[in-house]
Structure formats: C-alpha cells, structure tokens
1. Checking E149 against (1) under 30 Å from V35 (Cβ atoms); (2) in contact with a Ser or Thr (Cβ under 9 Å, 6 or more places away or on another chain): exactly one of these is not met. Which one?
2. Can you tell me which residues in the stretch 124-153 are among the basic types (K, R) and surrounded by fewer than 17 Cβ atoms within 10 Å (Cβ to Cβ)?
3. Within the stretch 40-58, which residues are of a type outside the set (S, T, Y), farther than 16 Å from A22 by Cα and modelled with pLDDT of 90 or more?
4. What is the number of the single condition among (1) surrounded by 15 or more Cβ atoms within 10 Å (Cβ to Cβ); (2) at pLDDT 95 or above; (3) not β-branched (V, I, T) that A186 does not meet?
5. Could you say whether any residue in the stretch 133-148 is at pLDDT 95 or above, farther than 20 Å from P97 by Cβ and hydroxyl-bearing (S, T, Y)?
6. For S31, all conditions in the list (1) small (G, A, S); (2) more than 23 Å from G129 (Cα to Cα); (3) within 24 Å of the chain's Cα centre (by Cα); (4) crowded, with 18+ Cβ neighbours inside 10 Å hold save one; what is the number of the exception?
7. Taking only the stretch 64-101 into account, find how many residues are of a type in the set (A, V, I, L, M, F, W, C), surrounded by fewer than 20 Cβ atoms within 10 Å (Cβ to Cβ) and within 28 Å of A144 (Cα to Cα).
8. Pull out all pairs, ordered by first then second residue, where Cβ-Cβ is under 6 Å, the residues are six or more apart or on different chains, the first lies in the stretch 43-67 and is free of Cβ contacts under 8 Å to residues at least 24 places away in the same chain and closer than 20 Å to S109 by Cα, and the second is of a type in the set (A, V, I, L, M) and in a helix (DSSP H, G or I).
Amino acid sequence: MPKQVDHEERRAAIAHALWSLAGDRGLDRVSLRDVAREAGMSLGQLQHYFGTREEMLFFTMDFISERSGERTRARIQELPEKTPYAIVHACLCEMLPLDAHARQGSLMSISYYIEALRNDRLREHARDGAGRLLALITGQLELARERREIPADRDPRREAMLIMSIADGLTSYCHLGLHTAEEALAMARSHLDRLFAAAPAHETKR
C-alpha cells in the first residue's frame, strides 16, 4: 500500500523550514522555493498546503506561537508556587533568547515584525499574537495588585506592556552582542523585582 501522507506533519515541516531559513537570512530573502527545498519537497507540494507566501507566514507564526505557549505552560506547571511573580518570570524566560531554539525563534519573530510593518494583514496578525501575551501578563499583575504584591497605583496593563518592551529591547541588544542572554535575564528580573518590591513591605504577600 502507498504510504499515507500526514498533512499536519507536512505543514509542521514547512513551518520548521521557514523558521530555520528566516532566522538565518531574514524573511525578505526567503522564497517559497527556498522553503520547499529546505522542507524536502517540491514547490508544487508546498503550494498544495499554502497558495501564497502570506498564508505560509500566518501558519508558521501561529505554529511557533503555539509551541512557545506550550513551553510557557510547561514552565508554569513546574513552578512549586504559582504566584503572579513566578508566572510573569516564567513568561520572561520564554520571551528572552536563553537557548539556541529561543534565539532562532526570536530572530524569526524580529524578521516577521519587520515584514508586518509593510503589510496590514500581517501587522494585524502580529498585534493579535502580542495581545494574547499582554493579556496573560496583565491578568497576573491585576492579581498581584489585588494581593497587594505591587503598588495599588500601578496600571497592570501599562506595567505588562513595559515588561514586554523590556524583554524585546533586551533581546534585540542580545542579538547585537551588547550583553549575554544571562545578563538580559538578570536585567529583566531586576525590573520585575523592583516592581514587586515597590509595594509597602507590610502589605506584600509574595
């Protein structure tokens, strides 16, 4: 009997191929033919799954986001205490390029965001993905404020946006070689510590 094609496996192979090439070259230098070759299939086979480059980008970023979400949930699941501080710290660890896999993923994301600046549909897609992360961190900081672990006058959404921006900035400069990934994590953790330490000592329940 002829071997059955696992279509989800093929889609995953395409996503991994694009992820790898974009991290090495940048999305603007990657064609459908390049991705097909990297995935070990013909251009016609790739186009059976994605009719356009844009469709392939949407799927790949969703695929990467899902894998990142799985890793974040695994980090959180392993926490001995699932406090707001610990959960936000786990998110930071996933956002920063702390290993080869994360470094490649962050390079892909940077390349995707650059392309999204010139494409309304990609930009909206990128905003949706960032919005989900923002909502997760905001929710934890709202809980921290209720528990008096951060000052009552802090805006959880604004603080969450600041945490994400710090992580993005540290990631960019890490790729430029201005600091190591470990130093980036230490700096991000220092900001988080200051935020939680800013609550009155007798009210803090961290």
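1. Among (1) under 30 Å from V35 (Cβ atoms); (2) in contact with a Ser or Thr (Cβ under 9 Å, 6 or more places away or on another chain), E149 violates only (1).
2. Hits for the stretch 124-153 are R127, R132, R147, R148.
3. Looking only at the stretch 40-58, we keep the residues that are of a type outside the set (S, T, Y), and these are 40-41, 43-48, 50-51, 53-58.
Narrowing further to those that are farther than 16 Å from A22 by Cα: 40-41, 43-48, 50-51.
G40, M41, L43, G44, Q45, L46, Q47, H48, F50, listed by residue number.
4. A186 satisfies every listed condition except (1).
5. Within the stretch 133-148, one or more residues are at pLDDT 95 or above, farther than 20 Å from P97 by Cβ and hydroxyl-bearing (S, T, Y).
6. Answer for S31: the failing condition is (4).
7. Final tally of qualifying residues: 6.
8. Every condition considered, the pairs that remain are R53/L32.
The values are calculated or read from the model by the stated rules, or taken from the named source; none is laboratory data. All figures in this text were calculated on a predicted structure; none of them were measured in a lab. When we count neighbours, we look across all protein chains shown, and the Cβ atoms used for this are built from the backbone with ideal geometry, even at glycine.
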